[in-house]
Amino acid sequence: MKIAGILTIGNEILQGYTIDLNANSISKQLTKRNIKATIHLTVPDDIHKIKEKVEKFIVKDYDYIFITGGLGPTHDDVTKIALSELFNSKFKFLKDRHIKISKKFNKASLPKCQSEILDLAKPLDNNIGTALGMYFTYNNTELIVLPGVPIEMNAMLKLYLDDKKALKIKDDNIITINTTGIYETKLSDIMQKFIKKYDQYVSFSFLPSYEGVKIRLTDLGRGFNINLIKDELLKFLENYAYGTDKETLEIVICKILKKKALKISLAESCTGGYIAKKITDIPGSSDFFLGGIVAYDNYIKKN
């Protein structure tokens, strides 16, 4: 399995005014393609800090380094300068692209830097904004440099992954098993032998929430069918596991009601009708749901 590092750049992220959506988006897209993101880092708009972290990624032999932010035309957009110094590379101006993008956005004085990339790089065009991305290989590491604006970054990330590199999405390399009625620590305890049996083939993550604990299996790409592991785990956890992936507890319950030709009615209090809403959100629920009462005040509960 190939590994990737993600570096997001921007004072506004470190100051807490902007949420780093880009690292999250990149990780999701990489995971779908069986590439493991092992680290997310954020640095300020500082040439020295950018160079320092990129250099560390390269020394550690990452297959990919995704860099976002700092490609704009203002004084604090220093990503390209940092990379130019680090790789001893001059800027290359893409004149035809600059003319095209200037006309598109009706900007006669669009800064020249918006169409510059390092002379060792290939361009990643931006169909939404003006900043030009790029990608290049140094030693055994491919560096992908993208803008910080999420909508632009996502479009250019897709361009790189799908068109430039043709990295196909693997539909079944991640499977989530949904459980209820057991807390995370106990679930982990009873699964220790199972995890040791298969941890060379898949990674196991526990994701607790008020709905229950989800177990996420991620294929490590070592030739073992993840679906066989899923089936065995579902059987092992038959007292707690109720479904996989996006299958919710209410959907499972509704399937049982329909299968057994049963009806259901509800009396709710503190949930305020929320359970009824979860059921009626499911198409076809009128076949088995009769209705409900929300008895909130004690007087109504008693009478």
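Assorted remarks:
- Helix 95-104 axis, angle to the chain major axis (alpha carbon atoms, nearest 10°): 50
- Simple label model, 7 Å out from Cα along Cβ direction - HIS75 to GLN15, nm: 1.4
- Estimated at 0.36 nm per residue, the fully extended path between ASN227 and GLU211 surpasses their Cα-Cα distance by 3.4 nm.
- At an R0 of 41 angstrom, the distance between the Cβ atoms of SER188 and LYS259 translates into a FRET efficiency of 0.80.
- The slack between LYS196 and ASN139, meaning 0.36 nm per residue of separation minus the straight C-alpha distance, is 17.0 nm.
- Using the Cβ-Cβ distance between PHE105 and LYS56 with R0 set to 30 Å, the FRET efficiency from 1/(1 + (r/R0)^6) comes to roughly 0.25.
- By average C-beta atoms within 10 angstrom, highest first, the peptides 193-199, 256-262, 30-36, 145-151: 145-151, 30-36, 193-199, 256-262
- The lysines whose alpha-carbon is closer than 18 Å to the alpha-carbon of LYS107, local same-chain residues fewer than 8 away aside, are LYS95.
- For segment 224-237, the Karplus equation 6.51 cos²θ - 1.76 cosθ + 1.60, evaluated at θ = phi - 60°, returns couplings of 9, 5, 5, 5, 5, 5, 4, 4, 5, 5, 4, 5, 4, 9 Hz by residue, with Gly and Pro reported as x.
- Rounded to the nearest 20, the Cβ-based charge dipole of segment 218-295 about its Cα centre (Lys and Arg +1, Asp and Glu -1) stands at 200 debye.
- With the alpha-carbon atoms of segment 1-146 aligned to their principal axes, the span from lowest to highest coordinate is 45, 35, 32 Å, starting with the largest.
- The distance between label points at TYR299 and THR280 comes to 2.5 nm (points 7 Å beyond Cα on the Cα→Cβ vector).
- For the residue pairs LYS36/LYS112; LYS165/LYS193; LYS53/LYS168; LYS80/LYS158; LYS56/LYS197; LYS51/LYS122, the alpha carbons lie more than 27 Å apart in LYS36/LYS112; LYS165/LYS193; LYS53/LYS168; LYS56/LYS197.
- Over segment 177-275, the reciprocal of the mean inverse Cα-Cα separation, the Kirkwood hydrodynamic radius, stands at 15.2 Å.
- The Cα center of segment 101-122 and the Cα center of segment 211-262 differ in position by 50 Å.
- Each Lys or Arg adds one and each Asp or Glu subtracts one; over the other residues with Cβ under 11 Å from the Cβ of ASP63, this totals +1.
- Share of carbon and sulfur in the accessible heavy-atom surface of segment 157-239 [1.4 Å probe, %]: 48
- A simple spin-label model places the labels of LEU290 and LYS92 7.4 nm from each other, with each point 7 Å out along Cα-to-Cβ.
- Per-pair calculated FRET efficiency, R0 = 25 Å: ILE3 and THR248 via Cβ, rounded to 0.05: 0.15
- Segment 1-85: C-alpha gyration tensor shape, a/c 1.5 cut-off, then a/b vs b/c: oblate
- Convex hull (Cα only) mean projected area of the chain, reported in nm² to one decimal: 22.7
- What you get for the chain, charging only the Cβ of Lys and Arg (+1) and of Asp and Glu (-1), is a dipole of about 660 debye around the Cα centre.
- For segment 51-158, the solvent-accessible area of protein heavy atoms averages 50 Å² per residue (probe radius 1.4 Å; ligands and nucleic acids excluded).
- Most positive-pole-ward Cα, TYR210, HIS40, ILE264, against dipole of the chain from beta carbon charges: ILE264
- Accessible area in square angstrom per residue, segment 1-46, 1.4 angstrom probe: 51
The values are calculated or read from the model by the stated rules, or taken from the named source; none is laboratory data. Because the structure is a prediction, the values reported are computed rather than measured. Note: ideal-geometry Cβ built from the backbone for every residue, glycine included; neighbour counts use all protein chains shown. Side chains included, ligands, DNA and RNA excluded: accessible areas come from the protein's heavy atoms. Shrake-Rupley method; radii C 1.70, N 1.55, O 1.52, S 1.80 Å.
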